Amino acid sequence: MRKLIGAAVAAFALSLPFTGPASADDKVSSFALDNGMQVVVIEDHRAPVVVHMVWYRAGSADETPGVSGVAHFLEHLMFKATENMEAGHLSKVVAQNGGSDNAFTSFDYTAYFQRVAADRLPLMMQMEADRMVNLKLTPEDIATERDVIIEERNVRVENSPAALFREQKRAAQYLNHRYGIPIIGWRHEMEHLDRKAALDFYKQFYAPNNAILVVAGDVQPDAVHELAKEIYGKLPANPDLKPRARPSEPRQMAERRMIFRDPRVTQPYVSRSYMAPERNPGDQKDAAALTLLASLLGGSPTAYLNQKLQYDSQTAVYTSAFYDGQNLDETTFSLIIVPSEGVSLSDAEEAMDATVAQFMKDGIDSEELARIKTQLKAAEIYARDDVGDLAERYGSALAQGLTIEDVQSWPEVLQSVTEDEIMAAARDVLNRDRAVTGYLMIDEKAPTHETSDAPEVTPASQPASQKVTQ
Amino acid sequence: MKMTAFTRVLTAGVVALGFALPAAAKVDVQEITSPGGINVWLVEEHSIPFTALEIRFKGGASLDAPGKRGAINLMTGLLEEGTGDMDARDFTRATESLAASFRYSSSDDAISISAKFLTENRDQAIALLRDSIVAPAFNDNAIERVRGQVLSNIRSDVNDPNAMAGRAMAEMLYGDHPYGSDESGTIESVTALTRDDLVAAHKAAMARDRLYVSAVGDITPDELGRIVDTLFADLPAKGAPMPDKVTPRFDGGTHVTDFDTPQSVVRFGQPGLALEDPDFFAAYLLNVTLGGGGFESRLMQEVREKRGLTYGVYSYLADRALSQAWVGSVASANDRVAEAMSVIKDEWTKMHETGVTPEELQDAKTYLTGEYPLRFDGNGPIARIMANMQMMDMPVDYINTRNDKIEAVTLDDVNRVARERMDPDKLTFVVVGRPQGLSN
């Protein structure tokens with residue numbers, strides 16, 4: 001998706017609501033401040049709690065080559081001092097008020113949030129607005145926090161062969177787009193991240209016209225609007241903010257395959273990911289078809305791969321199909337098979353491919369599709385129980401180039417998808433010439449350790465969550 | 001097979017959920033007794049047309065019979081795999097058609113069932129749920145399939161440094177007691193389980209004498225009473241006896257499991273306190289200052305913020321049904337972990353000797369009393385809190401008195417408890433990795 005979000009929002013130099021509450025059930029309102037900051041308010045008055053989030057349209061895929069990990073590094077450094085607050089002040093104030101706070105970085109965005117009693121909202125806004133423009137970094141901050149992110153990389157990646165495998169596989173998937181580079185960064189580049197790199201990223205991307213404010217909970221939209229105007233409205237827009245344009249992928253001309261061996265692996269598996277289109281503003285049909293395809297193939301115990309490979313043949317102990325259409329740019333559709341004991345990875349892969357081929361012949365079980373659609377409808381009801389999740393839904397979508405209308409029409413788009421459309425999407429996407437297939441294997445030759453009955457791996461039930469937290 | 005999210009606040013908070021629950025929120029809890037005599041806590045919330053129902057059977061995997069480790073875990077995994085004449089697929093299809101959600105899990109202390117169902121087809125959903133609880137089929141093919149999944153999970157954890165550290169710590173502290181081993185069992189024990197073992201596990205662990213139920217949502221007391229009778233009337237009245245309590249063996253040493261991985265994973269701890277202990281809240285407040293999950297804790301400040309030795313370091317009071325411990329975790333690169341452990345030991349000693357400052361105590365109180373009402377923010381969360389409270393024998397009015405108990409703790413109390421109950425000599429470390437420069 002290549003929409004000129006920053007520019008588009010900046011052009012909306014209005015402080016009038018441009019969308020009203022979407023429906024009686026979904027108490028969402030939205031407006032923009034004069035400086036281009038977009039604001040979304042979601043009402044939920046069941047508990048006196050508010051979630052306050054600021055999302056920047058800047059993630060690891062917006063980094064400059066050579067400083068991978070800087071988006072996430074900056075996210076950590078945002079908890080250091082500002083011109084007006086000492087280091088750690090924000091988290092301390094949140095804790096003193098009984099709240100919680102954190103932040104996370106993804107390919108397409110960086111977000112900061114606090115969850116507090118609703119009457120503390122103004123304080124949260126003041127502190128968040130302050131660090132949007134007044135960050136002050138010392139050389140000691142840089143050195144210490146760089147050690148912290150390297151330890152974070154150790155936790156998430158270096159200590160887990162499955163995570164290393166996913167990282168290598170993703171790098172093979174994207175030749176040109178920065179989705180191929182880990183959010184947390186390549187270790188050799190992380191070791192040299194410095195103050196300048198962090199501040200460059202900060203100055204380029206942290207500004208109200210590149211940010212989205214989401215306030216969800218026991219609040220009134222008018223009051224939030226007034227507060228936001230008063231606090232965030234004072235911040236200057238960045239006039240030099242550029243449209244978000246990233247390098248796109250070249251034509252893939254050959255199937256890619258990789259084998260990753262590690263002595264720590266104990267549960268081998270096969271993972272396949274195909275390049276696939278993402279949700280685009282006003283154009284979500286293909287993504288909806290792929291979402292349903294993933295459910296039909298591997299989303300539940302009654303899905304096609306599960307039935308054929310776990311129930312009928314017991315070839316696998318686990319199968320899954322996964323698709324996340326919410327990305328700014330081209331995404332992937334993934335299949336995973338964890339073979340039963342005694343089944344080789346190549347036999348498992350062959351069985352998976354044969355089963356997918358059979359699915360293409362059989363077509364869709366209409367009752368299964370109807371059940372999936374029923375569940376999706378109910379999911380909208382259950383979703384209203386967690387206002388934090390709703391806040392994340394809107395914040396991430398807007399940061400990834402979608403609109404509020406897209407978020408609100410998504411459930412209807414899903415309901416409207418036909419069997420033919422799903423099969424057409426399957427034919428387009430399930431093509432090995434546009435895919436990477438990876439084997440995660442035990443390294444038999446490597447020296448073993450003393451724990452006699454050892455080996456590991458998290459057969460990712462789904463590709464691990466693509467975000468990294470503070 | 002779920003990836004754990006690393007949010008510093010959540011890691012400790014989740015553990016804390018087991019014991020230090022609910023407080024000063026606008027929660028109107030009704031204690032009701034069903035016509036059949038089952039006690040249930042209810043919060044009516046009619047604004048969204050669904051109900052969250054939380055069910056606990058106290059005892060959980062600790063009720064595994066000798067030599068049958070993993071039976072209760074495997075049995076719980078089979079509850080949704082077919083009932084009566086429905087096979088696993090029929091059951092799943094039926095559940096999906098109703099858009100109901102049933103989640104079954106077991107832990108050392110309980111079997112937990114979390115159900116959500118829509119108002120429009122509630123009775124049908126309850127009929128399905130009832131069959132899965134009372135009349136699971138334990139078909140042979142389902143047993144083999146789920147056994148394969150469990151074995152795969154066990155294999156996956158064998159070389160996971162976090163799981164390894166957890167197992168090493170449990171074994172050291174609890175030996176042959178059920179707490180001393182993983183509730184999933186071993187490759188050998190799970191492979192040997194028979195259908196009879198699973199039927200016995202079901203009888204032992206899912207009986208009415210250990211049942212706790214709560215509901216939040218679009219349902220009235222009368223409807224709820226009728227539902228719980230439907231769900232549980234046909235369970236046996238009495239299950240297996242609870243295992244004995246156990247005292248964890250903290251020897252004050254450092255125990256290393258050699259494993260070739262770049263970052264050492266560490267668990268540490270000393271004896272803990274139970275909720276009934278008069279000093280519990282003082283210790284709970286001390287722990288907030290020590291390593292209670294926020295950036296502000298002394299351990300986070302000293303190990304992460306000042307020295308950059310780790311991504312996260314936490315401590316918490318683990319008040320479990322049969323044992324109490326005061327434990328924590330940290331992970332650092334092999335060449336830096338010795339320093340991280342040394343800082344932790346120093347901080348433990350320092351707090352033991354000199355306690356906390358009035359400001360630290362005030363900050364901890366404000367945090368705990370402010371955070372408590374924020375937990376009650378959804379049907380699901382409230383139902384979970386209430387079920388756990390019941391299982392821990394906490395009265396409904398704990399929700400209203402809990403913050404007062406925290407406010408009542410004085411500086412003298414916490415600093416006395418620091419002297420009397422924190423014990424650096426017993427502070428014991430378990431390390432998995434290739435740590436460099438450890439003295440013992």
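The values are calculated or read from the model by the stated rules, or taken from the named source; none is laboratory data. Since this is a predicted model, take the numbers as computed values, not measurements. Heads up, the Cβs are rebuilt from the backbone with ideal geometry, glycines too, and the neighbour counts pull from every protein chain shown.
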Does region A:150-166 include one or more residues that are more than 10 Å from chain B (Cβ to nearest Cβ), of a type outside the set (S, T, N, Q) and touching a Gly at 6+ places or on another chain (Cβ under 9 Å)? yes
Taking only region B:362-380 into account, find how many residues are within 26 Å of B:L286 (Cα to Cα) and in a helix (DSSP H, G or I). 13
Any idea which residue in region A:344-364 is nearest to A:L296 (Cα to Cα), counting only those that are in contact (Cβ under 8 Å) with a residue 40 or more places away in the chain and not in a helix (DSSP H, G or I)? A:I364
Within region B:79-113, work out how many residues are in a strand (DSSP E or B), in contact with a helix residue (DSSP H, G or I) (Cβ under 8 Å, 6 or more places away or on another chain) and of a type in the set (K, R). 0
Tell me, please, whether a residue that is among the polar types (S, T, N, Q) and within 17 Å of A:R166 (Cα to Cα) can be found in region A:302-312. no
Residues of region A:381-435 being within 29 Å of A:V270 (Cα to Cα), in contact with a Pro (Cβ under 9 Å, 6 or more places away or on another chain) and hydrophobic (A, V, I, L, M, F, W, C), which ones? A:A425, A:V429
Region B:240-286 - residue that is of a type in the set (F, W, Y) and over 16 Å from B:Y174 (Cα atoms) and, of those, surrounded by the most Cβ atoms within 10 Å (Cβ to Cβ): B:Y284
Kindly establish whether B:Y212 is in contact with a Ser or Thr (Cβ under 9 Å, 6 or more places away or on another chain) and crowded, with 19+ Cβ neighbours inside 10 Å. no
State yes or no: is A:H76 at pLDDT 95 or above, surrounded by fewer than 24 Cβ atoms within 10 Å (Cβ to Cβ), in contact with a helix residue (DSSP H, G or I) (Cβ under 8 Å, 6 or more places away or on another chain) and in the same structural domain as A:E152 (by TED's automatic domain parsing)? yes
Cβ pairs under 6 Å, 6+ apart or interchain, first in region B:410-426 and modelled with pLDDT of 95 or more, second assigned to a helix (DSSP H, G or I) and not aliphatic (A, V, I, L, M), ordered by first then second residue, are B:L411/B:P358; B:A418/B:H352; B:M422/B:H352; B:P424/B:W348; B:P424/B:T349; B:P424/B:H352
If the requirement is being crowded, with 24+ Cβ neighbours inside 10 Å, within 12 Å of chain A (Cβ to nearest Cβ), at pLDDT 50 or above and not in a loop (DSSP other than H, G, I, E, B), which of these qualifies: B:T51, B:T76? B:T51
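When you go through A:V39, A:V50 one by one, which is the residue that is modelled with pLDDT of 95 or more, surrounded by 21 or more Cβ atoms within 10 Å (Cβ to Cβ) and at the interface with chain B (Cβ under 10 Å from one of its Cβ atoms)? I'd like the intermediate steps shown before the answer.
Details: A:V39 fails: at the interface with chain B (Cβ under 10 Å from one of its Cβ atoms).
Checking each option against the conditions leaves just A:V50.
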Those strands (runs of 3 or more DSSP E) lying entirely in region A:208-306 with at least 1 residues surrounded by fewer than 23 Cβ atoms within 10 Å (Cβ to Cβ): A:256-262, A:269-276
Residue pairs, Cβ under 9 Å, 6 or more apart or interchain, first in region B:334-360 and in contact (Cβ under 8 Å) with a residue 12 or more places away in the chain and closer than 29 Å to B:T257 by Cβ, second of a type in the set (G, A, S) and part of a helix (DSSP H, G or I). List them. B:I344/B:G291; B:E347/B:G291; B:M351/B:A418; B:H352/B:A418
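Which of the residues spanning region B:324-341 are under 18 Å from B:T428 (Cβ atoms) and either modelled with pLDDT under 95 or among the aliphatic types (A, V, I, L, M) (or both)?
B:A325, B:V327, B:V330, B:A331, B:V337, B:A338, B:A340, B:M341 - these are the residues of region B:324-341 that are under 18 Å from B:T428 (Cβ atoms) and either modelled with pLDDT under 95 or among the aliphatic types (A, V, I, L, M) (or both).
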A:Q310 versus (1) touching a residue at least 24 places away in the same chain (Cβ under 8 Å); (2) crowded, with 23+ Cβ neighbours inside 10 Å; (3) within 14 Å of another protein chain (Cβ to nearest Cβ): which is the lone unmet condition? (1)
Could you list, in sequence order, the residues of region B:348-364 that are more than 16 Å from B:R416 (Cα to Cα) and either surrounded by fewer than 21 Cβ atoms within 10 Å (Cβ to Cβ) or more than 27 Å from the chain's Cα centre (by Cα) (or both)? B:E359, B:Q362, B:D363
Taking region B:173-191 and the residues there that are farther than 20 Å from B:P248 by Cα and in contact (Cβ under 8 Å) with a residue 60 or more places away in the chain, the one that is surrounded by the fewest Cβ atoms within 10 Å (Cβ to Cβ) would be B:T186
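Suppose we filter B:A168, B:A207, B:A233 for residues that are of a type in the set (G, A, S), in contact (Cβ under 8 Å) with a residue 40 or more places away in the chain, within 14 Å of chain A (Cβ to nearest Cβ) and surrounded by fewer than 22 Cβ atoms within 10 Å (Cβ to Cβ); which single one remains?
Sole residue among the options that is of a type in the set (G, A, S), in contact (Cβ under 8 Å) with a residue 40 or more places away in the chain, within 14 Å of chain A (Cβ to nearest Cβ) and surrounded by fewer than 22 Cβ atoms within 10 Å (Cβ to Cβ): B:A168.
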Is it the case that region B:313-320 has a residue that's part of a strand (DSSP E or B) and within 14 Å of chain A (Cβ to nearest Cβ)? yes
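Please verify whether region A:90-107 includes one or more residues that are away from chain B (no Cβ under 14 Å) and modelled with pLDDT of 95 or more.
Yes, region A:90-107 contains a residue that is away from chain B (no Cβ under 14 Å) and modelled with pLDDT of 95 or more.
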So how many residues does region A:388-418 have that are touching a residue at least 12 places away in the same chain (Cβ under 8 Å) and over 18 Å from the mean Cα position of the chain (by Cα)? 9
